[in-house]
Amino acid sequence: MSGAASRAGAGFAGVAGRDFSEAVPHWPEERRPPTGAPNVVVVVLDDVGFAQLGCFGSDLATPTLDRLAGGGLRYANFHTTSLCSPTRACLLTGRNHHRNGMGRIAELATGFPGYNARIPAANGMLSEILLDAGYATFAVGKWHLAPEEEGHVGATRRRWPLGRGFERFYGFLGGETHQFVPALVEDNHPVPPPRSYEQGYHLTEDLVDHAVTLIDDLRAVDPAKPFFLWFCPGACHAPHQPPREWMTRYCGAFDDGWDRWREQALERQITSGLLPAHTELSPRPDWVPSWDSLSRDEQRLYARYMEAFAGYLSHTDDNVGRLVAALERSGDLDNTLLIVLSDNGASSEGGPFGSVNDVRLWNVAPQTVAEAIGRIDEIGGPWCHNNYPWGWTVAGNTPFRRWKREVHEGGVADPLLVHWPAGVATPGQTRSQYVHAIDILPTVLDAAGIDAPMQLGGIPQSSIDGASFAATFSDPGAKSPRTTQYYEMFGCRALYHDGWKAVTYHTIQDTSVAFDDDIWELYDVRADPSECHDLAEHEPQRLRSMVERWWSEAGRNQVLPLDNRAFSEFVLERPPAVPARHRYVYRPGGTPVPEIVAVNVRNRDHRITVACIVPSGGGEGVLVAQGSGLGGWAVYVLGGRPGYVHNYVSIEEQHVAADTPLEGGRHEITYVFSRTGEHSGIGHLLVDGTELARGEIPHFTPVRFSLTGAGLTCGRGDGLPVSRRWTGTFPWTGTIEHVVVDVDGAPFVDPEGEAEAAITTQ
């Protein structure tokens with residue numbers, strides 16, 4: 001092409017001549033959102049029931065959220081899916097949860113399109129849309145939107161936050177984590193907590209610190225660029241772990257019990273105009289005892305559980321206040337569309353008596369009132385994975401029936417606040433339009449003046465199920481964005497249509513009852529929002545029509561097949577996250593290995609061999625460990641003496657330890673477990689082939705060591721140590737060459753290990 005300009009590349013509007021004298025440059029224009037587009041902050045609370053915020057009828061202190069309600073809008077008719085991963089998928093995509101492959105939480109995925117925990121790229125996330133439109137995008141806190149088997153360093157990151165449109169991430173990948181010793185990820189790699197709990201660390205405070213820093217960093221270089229902050233604290237999912245001083249603020253506050261609390265909450269809800277005057281309090285279920293029927297010790301214990309939850313929520317509110325103050329300081333608050341909501345109703349996972357360690361449910365281990373009373377002063381602290389009993393669950397969902405994981409209103413009706421000074425015409429009002437989690441994405445796009453794209457990254461986009469309710473920001477009489485919405489969770493089903501609701505409860509993890517034998521109820525939720533008066537016998541034709549419509553919606557939204565099997569069966573049928581093997585090699589310095597991809601030593605013969613160099617004097621520290629103080633095992637050296645410990649779900653520690661200290665030099669420390677029965681055996685401790693100790697392990701953890709992300713570590717332990725005989729991570733003071741774990745036989749998983757019946761053990 002002598003003397004001629006070369007052909008321009010795609011999108012290049014200049015001239016690429018033979019040399020610079022013949023060339024005309026062109027700089028592609030950076031995409032910016034429409035003029036005046038707001039910042040967007042979505043705060044997703046976890047397991048907070050309809051009645052647990054002050055502005056929704058509670059006497060729990062939530063002054064920050066109450067101020068946001070006073071300066072914005074309360075939505076009294078907002079609905080979710082009844083579970084966390086599914087709701088979060090709805091919020092970020094605008095599609096129904098089964099269309100996202102999130103028919104239930106990510107840990108319980110199955111091999112069907114509606115349940116595989118793999119959100120399709122065709123279901124573009126709000127983060128991807130806003131990033132493409134020129135927003136900065138940040139995710140801070142809980143993710144819970146990737147399959148559990150992809151939550152490790154060897155997995156694809158395509159479904160981690162940075163793979164779905166967020167430019168920065170700081171938080172945790174799973175459904176829950178320890179609030180004092182969390183399993184943290186920054187961007188695409190695990191990181192340790194910046195401080196220990198002994199040094200005053202708390203996750204919620206850390207998350208707000210990072211969120212504020214991300215905003216400040218952006219404003220330091222671009223004062224005008226809009227941002228999207230997806231802020232999801234662990235609160236108030238179990239474990240309910242506030243800083244101690246926040247818990248003690250509520251000492252004695254719940255001594256009157258849950259029955260009186262429910263009555264007072266409904267009075268406040270009606271008086272404040274949140275609910276209509278004709279709203280009735282749903283009956284307390286007969287499986288929840290009256291407060292007056294409890295013993296004094298039970299009342300004292302159950303009140304303490306609630307004090308922990310209340311302190312946790314108020315501490316979270318205070319830290320959201322720090323985030324709001326940062327927005328004020330940067331000048332962003334007036335034009336920030338700030339949305340606060342909960343992902344489902346209050347949780348019943350604490351069982352009828354409350355829980356000091358939720359991992360026991362998975363392991364069919366006892367939860368006794370006597371033990372909890374003996375540990376009452378530990379509740380809320382680092383050594384408990386505590387959760388309150390059912391009575392407080394019912395109270396938290398006042399005035400509604402049932403709770404999280406079910407589709408009566410107690411599971412799906414949740415608080416929603418919208419605060420946007422530049423966009424809300426008459427702040428301080430309440431809206432009663434029917435709104436669902438799928439409506440958040442289209443509402444944000446509407447407020448920002450951005451059309452939903454036909455393609456994202458070259459991938460054609462699926463239809464959005466949600467509809468904008470932005471018209472309600474200025475018009476209290478605006479129409480609801482939808483008239484029909486289906487629900488399904490673990491076989492529980494419902495359909496909302498034009499103010500009516502058909503609903504059926506199907507016992508979770510009980511396959512003895514056929515789905516066709518379920519009894520459907522019918523409610524006019526305009527006149528009866530708390531589902532107190534079943535009209536099924538009076539309106540049989542309406543009910544039949546709605547049930548038929550539910551099946552139609554189920555077919556359209558990938559809901560089928562219905563499945564309410566024991567949770568462990570979902571896990572058993574899944575392919576392994578990595579190929580199974582009989583030898584595992586670990587070396588010091590790596591990141592914790594999540595339990596799902598670590599060696600499985602449960603109910604099988606195994607041998608742990610540590611090749612190490614012992615300093616003179618015998619050394620100290622953890623050589624290899626799995627789990628935490630809530631349950632796990634470790635090979636360690638303490639006072640120069642080697643040992644092994646098995647912590648059975650924080651009920652008991654079984655040590656097999658030598659009496660004589662190690663000499664300096666290279667040694668092989670070996671622990672051999674010989675199985676003698678189901679989940680029991682004999683442990684042998686050897687040094688350089690010579691047995692130094694043996695002991696019985698009468699109760700070996702059958703199903704799972706941790707729910708909070710504590711993995712397998714080499715050369716140190718978890719910040720909440722497996723044994724109380726030492727503190728902190730207790731790093732090994734010598735050198736480790738490698739740790740080899742050999743396992744025999746097939747890994748055992750108890751098919752009843754997660755049976756819901758376990759929580760009824762008193």
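Run down Ala395, Ala346, Ala413 and say which single residue is surrounded by 22 or more Cβ atoms within 10 Å (Cβ to Cβ), in the same structural domain as Thr472 (by TED's automatic domain parsing), aliphatic (A, V, I, L, M) and in contact with a Ser or Thr (Cβ under 7 Å, 6 or more places away or on another chain).
Values: Ala395 fails: in contact with a Ser or Thr (Cβ under 7 Å, 6 or more places away or on another chain); Ala413 fails: in contact with a Ser or Thr (Cβ under 7 Å, 6 or more places away or on another chain).
Of the residues listed, the single one that is surrounded by 22 or more Cβ atoms within 10 Å (Cβ to Cβ), in the same structural domain as Thr472 (by TED's automatic domain parsing), aliphatic (A, V, I, L, M) and in contact with a Ser or Thr (Cβ under 7 Å, 6 or more places away or on another chain) is Ala346.
In segment 725-732, is there at least one residue being within 29 Å of Ala238 (Cα to Cα), surrounded by 23 or more Cβ atoms within 10 Å (Cβ to Cβ) and of a type in the set (Gly, Ala, Ser)? No, the conditions are met nowhere in segment 725-732. If the condition is being touching a His at 6+ places or on another chain (Cβ under 8 Å), hydrophobic (A, V, I, L, M, F, W, C) and either on the phi > 0 side of the Ramachandran plot or at pLDDT below 95 (or both), then segment 569-592 contributes only Ala577.
Tell me yes or no: at least one residue of segment 187-194 is among the polar types (S, T, N, Q) and touching a strand residue (DSSP E or B) at 6+ places or on another chain (Cβ under 9 Å). Reasoning before the result, please.
Taking segment 187-194 and keeping what is among the polar types (S, T, N, Q), we get 188.
Retained after the next criterion (residues that are touching a strand residue (DSSP E or B) at 6+ places or on another chain (Cβ under 9 Å)): 188.
Scanning segment 187-194 turns up at least one residue that is among the polar types (S, T, N, Q) and touching a strand residue (DSSP E or B) at 6+ places or on another chain (Cβ under 9 Å).
The C-beta contact set for segment 107-119 (first residue in the same structural domain as Glu150 (by TED's automatic domain parsing) and under 14 Å from Asn564 (Cα atoms), second residue surrounded by fewer than 20 Cβ atoms within 10 Å (Cβ to Cβ) and aromatic (Phe, Trp, Tyr), distance under 8 angstrom, 6+ apart or interchain) comprises Leu108/Phe570; Ala109/Phe570; Thr110/Phe570.
So that you can scan it fast, the table gives a plain yes or no per residue for (1) in the same structural domain as Trp403 (by TED's automatic domain parsing); (2) at pLDDT 95 or above:
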| site | (1), (2) |
| --- | --- |
| Ala470 | yes, yes |
| Phe473 | yes, yes |
| Gly477 | yes, yes |
| Cys492 | no, yes |
| Asp498 | no, yes |
| Ala502 | no, yes |
| Ile508 | no, no |
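Could you pull out every one of the helices (runs of 4 or more DSSP H) wholly within segment 220-329 that has 2 or more residues that are farther than 30 Å from Thr177 by Cα? Break it down into steps so the answer makes sense when it comes.
Numbers: elements: 244-248, 258-271, 296-329.
Hits in segment 220-329: 258-271, 296-329.
In segment 414-433, the residues that are of a type in the set (Asp, Glu) reach residues that are surrounded by fewer than 23 Cβ atoms within 10 Å (Cβ to Cβ) with C-beta atoms within less than 9 angstrom, at least six apart or across chains, in these pairs: Asp414/Leu341.
Just so you know, in segment 484-502 the residues that are out of contact with any Leu (no Cβ under 8 Å at 6 or more places or on another chain) and farther than 22 Å from Asn100 by Cβ include one that is surrounded by the most Cβ atoms within 10 Å (Cβ to Cβ), and it is His497.
State yes or no: is Gly345 within 18 Å of the chain's Cα centre (by Cα) and under 30 Å from Ala447 (Cα atoms)?
Working: within 18 Å of the chain's Cα centre (by Cα): yes; under 30 Å from Ala447 (Cα atoms): yes.
Yes.
In segment 151-191, of all residues being without any contact (Cβ under 8 Å) to a residue 12 or more places away in the chain and in a loop (DSSP other than H, G, I, E, B), the one that is surrounded by the fewest Cβ atoms within 10 Å (Cβ to Cβ) corresponds to Thr156.
Residues that are among the small types (Gly, Ala, Ser), at least 1 per element: which strands (runs of 3 or more DSSP E) completely within segment 563-629 meet that? Reasoning before the result, please.
Working: elements: 583-586, 606-614, 621-628.
Answer list for segment 563-629: 606-614, 621-628.
Of everything listed in (1) free of Cβ contacts under 8 Å to residues at least 60 places away in the same chain; (2) in contact with a His (Cβ under 9 Å, 6 or more places away or on another chain), the single unmet condition for Gln541 is (2). Of all residues in segment 510-538, those that are closer than 17 Å to Ala413 by Cβ, in contact with a helix residue (DSSP H, G or I) (Cβ under 9 Å, 6 or more places away or on another chain) and part of a loop (DSSP other than H, G, I, E, B) total 4. Among the residues of segment 474-494, those that are among the hydrophobic types (A, V, I, L, M, F, W, C) and in a loop (DSSP other than H, G, I, E, B) comprise Ala478, Phe490. With respect to (1) farther than 30 Å from Pro243 by Cβ; (2) free of Cβ contacts under 8 Å to residues at least 24 places away in the same chain, the lone exception for Arg296 is condition (1). For the residues Phe50, Phe138, the requirement of being in contact (Cβ under 8 Å) with a residue 60 or more places away in the chain, part of a loop (DSSP other than H, G, I, E, B) and on the phi < 0 side of the Ramachandran plot singles out Phe50.
The values are calculated or read from the model by the stated rules, or taken from the named source; none is laboratory data. The structure displayed is predicted, hence computed values, not measured ones. As a convention, Cβ positions derive from the backbone with ideal geometry for all residues, glycine included, and neighbour counts pool all protein chains shown.
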